[in-house]
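Have a look at the structure below before the remarks.
Taken together, the values in this text are just the output of simple stated rules run on the coordinates, not laboratory data. Note that the structure is a prediction, hence the values are computed from the model and not measured. As a convention, Cβ positions derive from the backbone with ideal geometry for all residues, glycine included, and neighbour counts pool all protein chains shown.
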Amino acid sequence: MAGNGTSTAPDAGQRQRGVRRTALLLGIVAAVFYVGFIAMMVWRATR
Amino acid sequence: MAYNDHAATAHDHDAHDHKPHGWRRWVFATNHKDIGTMYLVFAGISFFIGGSMAMLIRLELFKPGMQFLDPMFFNSMTTMHALEMIFGAVMPAWTGLANWMIPMQVGAPDMALPRLNNFSFWILPFAFTLLLSTLFVPGGGPAGGWTMYPPLMLQGGAGFPMTIFAIHMMGISSILGAINVVVTIMNLRAPGMTLLRMPLFVWTWLITAYLLIAVMPVLAGAVTMLLTDHFFGTTFFTAAGGGDPVMFQHIFWFFGHPEVYILILPAFGVVSEIIPTFSRKPLFGYEAMVYATASIAFLSFIVWAHHMFTVGMPLAGQLFFMLSTMLIAIPTGVKVFNWTATMYRGSLSFEPPMLFALSFLFLFTIGGLSGLMLAIVPADYQYQDTYFVVAHFHYVLVPGAVFAIMGAIYYWLPKWTGNMYDQKLATWHFWLSTIFVNVLFFPQHFLGLAGMPRRIPDYAVQFTDWNMVSSIGGFAFGLSQFLFPYIIWKCVRGGVRVGNRAWEGAHGLEWELPSPPPFHSWTEPPSDALIQRGAAH
């Protein structure tokens, strides 16, 4: 049957923290890339 | 029969499926399977919209002279066809497959960020409605090619800012989807599912997701600069104001070349799943495949200028980009060798997924070889902007990416639906597609070598014969694609029931789940024994 297994499930809180941490890190990296590239361009244009 | 028709398989999980009903199930979807299905349906619709644009292009090019289309509209069609197929069909199809398969393959109950997943998907219909609506505004749709080179792109009408906004939306959707994939793989793998036990599809998608996060912002920056040049008086790409149109090409291709690998790396993953299954052998050189994928991804960042040798650059630059491009042939060659070695002395059978994977192997290699020809600087000076380039990238993207997507759907459809599809009809779909994709694109090599330029609605009469052949191939290929949704629809409606392991040689956690899998799968992580059995490489 699906989903049956003998492995111990990891601590849900720990997993949730991991998800938040990775998502936040990647979100910041993507946002810095995304906004940073455009901001850099605007800054260069106004020089 | 190489598939397992275990009619006796219990489907008792249905009783535990608490899924929402009606339109709310889809609009507010957070289940990875539902979102995966929506991505795949969206990709299918885009495939037919983009395909109909290709049919119009081939209709106009059937013979010399202007027949049916206004030249401006023809240019819009080449541009929109590319944008539809790349951002609307192939990328969403891979994201749909990732949504369906990654949680099931790594033993996770769902994607890590389900609501973000919903948002990523629902941006897309709005983005493409906006893009397609440019065809109905003054000035028409974007007509400067999907590469959007200035100054041509800056001459667009009211559709220009709409296109830029649509591209931003597609980019944001892709980035959010990619973040979700990385977070899921890094955090929600079942205990015991180590990185080097992951299926190749998961590995290739992980690397693809990193590529997406790295390069989509570059595209966003480039198109925003176009926008400010057009509306806010900047001159990034206008020589008269001290700007440089060639700089756009550098920025665009810094995004554009990794984008090619975003489209093709998941295909490598799918083929690495299908070939071992139908060879009944473990994948040859699993770790080498992982390292080859990572090497290709790294090299994809340092080859961009091979798209623009003819704009002029220092000899050292030409040599660097030529040699770095040729280097990509090494990890790609490793992959082709390993797929071939997997089949060597295997117990092969040729069901539709395997047929598509084999077609991928042969025809993608042809596209790769013509890519090597284009990497040679002096030769590229002759091929640049001819139909040879069109033939090259269509060999990479159609029998490459699109055939791999079709192979993946034929591979996992029995798992998704619990029914085996009409294999005879799918085999017909394969042969018609494979024959006519070659009739469509192979003559374009000859046209290009003879000097026919790309992106023109009319041509000199000496190019007539091969254009007619190409158009006939195009119409036949296009028509044969209607078999695909019919086969899927028929399978969804019913068919011979399949067991958990729909294909007898299949390995992996997804095949340990019932067919169809429960709405919520792996609510408890799989055991180490199951993981080890799945990781048979």
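Each of B:126, B:136 was scored by other Cβ atoms within 10 Å of its Cβ. Listed from fewest to most, they are B:136, B:126. Over the protein assembly as shown, all Cα pairs binned in 10 Å intervals from 0 give whole-percent P(r) values of 3, 17, 28, 28, 16, 6, 1, 0, listed from short to long. The alpha-carbon of residue B:33 sits under 16 angstrom from the alpha-carbons of these lysines, leaving out residues fewer than 8 places away in its chain: B:19, B:415.
Using r as the Cβ-Cβ distance of residue B:311 and residue B:18, and R0 as 51 Å, what FRET efficiency do you calculate, to the nearest 0.05? Working from the Cβ atoms, E equals 0.30. Maximal additional length on extending the residue B:291-residue B:126 stretch stands at 55.6 nm, based on 0.36 nm per residue less the C-alpha distance. In a simple Cβ point-charge model (Lys, Arg +1; Asp, Glu -1; nothing else charged), segment B:365-490 has a dipole of about 420 debye relative to its Cα centre. For the pair residue A:12 and residue B:147, label points projected 7 Å from Cα toward Cβ lie 5.3 nm apart.
Remark: the residue B:424-residue B:25 segment gains 140.3 nm on full extension, using 0.36 nm per residue and subtracting the alpha carbon distance.
Taking a straight Cα-Cα cut-off under 12 Å and skipping sequence neighbours fewer than 8 places away in the same chain, the aspartates and glutamates within cross-link reach of residue B:490 are B:422.
Label sites at residue B:431 and residue B:136, each approximated as a point 7 angstrom past Cα along Cα to Cβ, lie 4.3 nm apart. Starting from the Cα of residue B:344, step 7 Å toward the Cβ, then list every residue of segment B:261-293 with an amide N under 12 Å from that point. Backbone N within reach: B:284-285. Which whole-number percent is the relative contact order of chain B (Cα, under 8 Å, 6+ apart)? Once normalised by length, the contact order is 20 percent. Annotation: extensible slack from residue B:472 through residue B:528 equals 14.8 nm (criterion: 0.36 nm per residue apart, minus Cα-Cα distance).
What's the local net charge at residue B:387, with K and R +1, D and E -1, over the other residues with C-beta under 13 Å away? With Lys, Arg at +1 and Asp, Glu at -1, the net is +2. Note on segment B:151-211: Kirkwood radius taken over Cα pairs, Stokes-Einstein applied at 4 °C and 1.567 mPa s, translational D equal to 92 µm² s⁻¹.
Neighbour counts of other Cβ atoms within 10 Å put A:34, B:459 in the fewest-to-most order B:459, A:34. A Förster radius of 25 Å combined with the Cβ-Cβ distance from residue B:194 to residue B:327 puts the calculated FRET efficiency at roughly 0.25.
Across segment B:395-537, counting alpha-carbon atoms alone, Rg and Dmax equal 20.9, 67 Å. Rounded to the nearest 20 debye, the dipole magnitude of segment B:246-384 is 300 debye, with +1 charges on Lys and Arg beta carbons, -1 on Asp and Glu beta carbons, and the Cα centre as origin. Using the charge dipole of the protein assembly as shown (Lys, Arg: +1 at Cβ; Asp, Glu: -1 at Cβ; taken about the Cα centre), state which of B:400, B:478, B:75 has its Cα farthest towards the positive end. Value: B:400. Here each label is just a point 7 Å from Cα along the line to Cβ, and for residue B:231 and residue B:319 those points are 4.6 nm apart.
The angle separating the long axis of helix B:200-231 from the principal Cα axis of greatest extent in chain B is about 30 degrees. The C-alpha atoms of chain B define a longest principal axis, and helix B:91-106 lies at about 30 degrees to it. Exposure proxy ranking for B:461, B:137, B:246, based on other Cβ atoms within 10 angstrom of each Cβ and starting from the fewest, stands as B:461, B:137, B:246. Can you give the FRET efficiency for residue B:504 and residue B:239, using 1/(1 + (r/R0)^6), R0 = 56 Å, r = Cβ-Cβ distance, to the nearest 0.05? In this case the efficiency is close to 0.30.
Taking the C-alpha atoms only, the angle from helix B:32-60 to the longest principal axis of chain B is near 40 degrees.
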